[in-house]
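Enquirer: Got a structure here, written out as structure tokens. Questions coming.
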Amino acid sequence: MRTIRMTLEYDGSGYHGWQRQKNVPSIQEVLEERIAVITGERVKVIGSGRTDAGVHALGQVAHFQTACGIPAGNLLKGINSLLPADIVLKALAEAPPGFHARIDARRKTYLYRIYNGATPTALYRHYAWQVYGPLDAAAMRAAAAHLLGRHDFTSFCTVHTDAASFTREIYQLEISAVTGGPGPFLEIEVEADGFLRYMVRTIVGTLVEIGRGKRPAAEMGEILRGRNRDRAGVTAPPQGLFLKEVRY
């Protein structure tokens, strides 16, 4: 039995997230159906993590097992030929025995994009959170510094979770202004050893409230220590979130 590792890019706008669900489209379902056509087998595709409805990926990693003998290069071309335009395999290769896309992941990086223009954008409405009015990026960076390191992130997680632990380590949290081109964007990039559900989106929502002057930057530390979701800000919408990279 071969283990096949894939790196995927997808537009999550038309899907109810990664995980297969009844009566709604998912990334996992589409992949499994198309791979089955190529291999002639029923396969289970396991991703590095479950992206939510409307969330995108630039570098999702997944694997499946197969007994078929089709070379990796031909598998890549064949599967891509059957996938819809909003899901693309960027790479496919045979992995070492025992490789597991989720269990073996050591670090993940998420990118969140905020469109901070004075007027709405039609082209990026599915790929950024449109936030009007100025944002104080310096205050947001000062607040973000409180989250670096290993902490209990209960305050930044949905209350509906089955997570065994709320402790995660954030290695980097960078906030960058992108000007010119299609418009004024603020990009928030977070690298950690793992993420709780809605963790990045709640961090972003809280940072935006600080950027708008609704909270002082120092309050971020108090929210973190409070371990109470009610103390944090709003959950940012899904369309601005991208799973950028998974490291093993």
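Just so it is clear, none of the values below were taken in a lab; they were calculated from the coordinates. Keep in mind that what you see is a predicted model, and the values were worked out from it rather than measured. Neighbour counts run over all protein chains shown; Cβ positions are idealised from the backbone, glycine included.
Enquirer: Restrict the search to region 1-102; then list the chymotrypsin sites (Phe, Trp or Tyr not before Pro) that DSSP places in a loop and that have at most 16 other Cβ atoms within 10 Å of their Cβ. List each step's numbers first, then the result.
Expert: Details: sites: Tyr10, Tyr15, Trp18, Phe64, Phe99; in loops: Tyr15, Trp18, Phe99.
Listed in order of number, the matching sites are Phe99.
Enquirer: Could you work out the relative contact order of the chain, using alpha carbon pairs under 8 angstrom and six or more residues apart, expressed as a whole percent?
Expert: Once normalised by length, the contact order is 24 percent.
Enquirer: What size of dipole, in debye to the nearest 20, comes out for the chain about its Cα centre when the only charges are +1 on Lys and Arg C-beta atoms and -1 on Asp and Glu C-beta atoms?
Expert: 260
Enquirer: Still on this structure, please answer the following. I need two numbers for region 170-237: Rg to one decimal and Dmax as a whole number, Cα atoms only, in Å.
Expert: In Å, with Rg to one decimal and Dmax whole: 12.9, 40.
Enquirer: Would you be so kind as to identify which of Met140, Thr158, Gly183 lies farthest towards the positive end of the dipole of region 107-247, taking Lys and Arg as +1 and Asp and Glu as -1 on Cβ and the Cα centre as origin?
Expert: Result: Thr158.
Enquirer: With an 8 Å Cα cut-off and a minimum separation of 6 or more residues, compute the relative contact order for region 172-248 in percent.
Expert: It comes to 26 percent, rounded to a whole number.
Enquirer: Then there's this: So which of Lys22/Lys244; Lys44/Lys77; Lys214/Lys244; Lys108/Lys214; Lys77/Lys108 end up more than 24 Å apart by C-alpha?
Expert: Lys22/Lys244; Lys214/Lys244; Lys108/Lys214; Lys77/Lys108
Enquirer: So, one more: For region 107-247, compute Rg over Rh where Rg is the Cα radius of gyration and Rh is the Kirkwood radius from the inverse mean 1/r over Cα pairs.
Expert: Numbers: Rg = 14.3 Å, Rh = 15.1 Å.
My calculation puts Rg/Rh at 0.95.
Enquirer: Scale the Cα Rg of region 108-165 by the rule-of-thumb value 2.2 N^0.38 Å and send over the ratio, two decimals.
Expert: Details: Rg = 15.4 Å, N = 58, 2.2 N^0.38 = 10.3 Å.
Working it through for region 108-165, the quotient is 1.49.
Enquirer: Another question, then. Please tell me the relative contact order of region 2-95 in percent, rounded to the nearest whole number, where contacts are Cα pairs under 8 Å and at least six residues apart.
Expert: Once divided by the residue count of region 2-95, the mean separation gives 45 percent.
Enquirer: Now a separate question. Hey, rough spin-label estimate for Glu41 and Cys68, points 7 angstrom out along Cα→Cβ, what's it come to in nanometres?
Expert: 1.0
Enquirer: Give the whole-number value, in cubic angstrom per residue, of the convex hull volume spanned by the C-alpha atoms of region 10-120.
Expert: Convex hull of Cα atoms, per residue: 123 Å³.
Enquirer: Roughly how far apart, in whole Å, are the Cα centres of region 6-57 and region 150-209?
Expert: A separation of 23 Å, based on Cα centres.
Enquirer: If you don't mind, there's one more thing I want to ask. For an R0 of 35 angstrom, estimate the FRET efficiency from the Cβ-Cβ distance between Ser13 and Glu169 and round to the nearest 0.05. It would help to have the intermediate numbers written out before the result.
Expert: Numbers: r = 31 Å, r/R0 = 0.89.
Here the calculated transfer efficiency is 0.70.
Enquirer: What are the ³J(HN,Hα) values, in whole Hz, obtained from phi via the Karplus relation 6.51 cos²θ - 1.76 cosθ + 1.60 with θ = phi - 60°, for each residue of region 227-232 in sequence order, with x given for Gly and Pro?
Expert: After applying 6.51 cos²θ - 1.76 cosθ + 1.60, I find 6, 8, 4, 5, 7, 7 Hz.
Enquirer: On alpha-carbon atoms, Rg over Rh for the chain using Kirkwood Rh?
Expert: A ratio of 1.00.
Enquirer: Another one. As I understand it, the dipole of the chain uses +1 on the Cβ of Lys and Arg and -1 on the Cβ of Asp and Glu, about the Cα centre. Which of Leu89, Asn74, Gly17 lies farthest toward its positive end?
Expert: My answer, from the dipole projection, is Gly17.
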